[in-house]
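The values are calculated or read from the model by the stated rules, or taken from the named source; none is laboratory data. Fair warning: this is a prediction, and the values are worked out from it, not measured in the lab. Because the Cβ atoms are built from the backbone with ideal geometry, glycine has one as well, and the counts that use them run over all protein chains shown. Just the protein is used for accessible areas: all its heavy atoms, side chains included, with ligands, DNA and RNA removed. Shrake-Rupley method; radii C 1.70, N 1.55, O 1.52, S 1.80 Å.
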Amino acid sequence: MTYSGDVHVGGPAAVHELPHLIVSKMAVGPMDNNAYLLRCRDTGEQVLIDAAAEPRALLDLIGSDGIEAVITTHRHADHWQALGEVVAATGATTIAGRYDAEG
């Protein structure tokens with residue numbers, strides 16, 4: 001099946017498998033934000049990009065392997081509403097750009 005990247009809130013993640021990386025894309029929250037889980041095929045390490053909303057759904061996506069970090073692309077509230085809960089549950093490091101880190 002060809003990867004389309006089409007996702008909707010409440011639906012399953014779209015998974016794109018590359019030789020060294022697995023990208024899982026999920027839509028969450030009332031603003032239909034995208035969250036991405038990146039998994040290295042060689043090490044199994046995972047990072048989450050934008051813990052936007054619905055922490056339970058994101059934690060289910062992450063699974064028992066956990067994550068190394070959550071990367072927040074910018075500090076608009078609709079991109080970090082689940083950040084606290086996801087980090088508390090996983091112990092992940094948080095990463096943000098220089099201009100967004102303070103927020």
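Miscellaneous remarks
- Each Lys or Arg adds one and each Asp or Glu takes one away; over the other residues whose Cβ falls under 15 Å from the Cβ of GLU54, this sums to -3.
- Residue separation of ARG41 and VAL9 scaled by 0.36 nm, minus their Cα-Cα distance, works out to 8.9 nm of gained length.
- Among ILE67, ILE49, ILE22, residue whose mean-square fluctuation peaks in a GNM of the chain (springs only between Cα atoms under 10 Å): ILE22
- Spacing of the two label points (7 Å from each Cα toward its C-beta) at LEU21 and SER64, in nm: 2.8 nm
- Note on the range 8-89: with charges restricted to the Cβ of Lys and Arg (+1) and Asp and Glu (-1), its dipole about the Cα centre is near 80 debye.
- Stokes-Einstein D for the chain, Kirkwood Rh over Cα pairs, 20 °C, 1.002 mPa s (µm²/s): 156 µm²/s
- Surface share of carbon and sulfur [accessible, 1.4 angstrom probe, percent] for the chain: 53 percent
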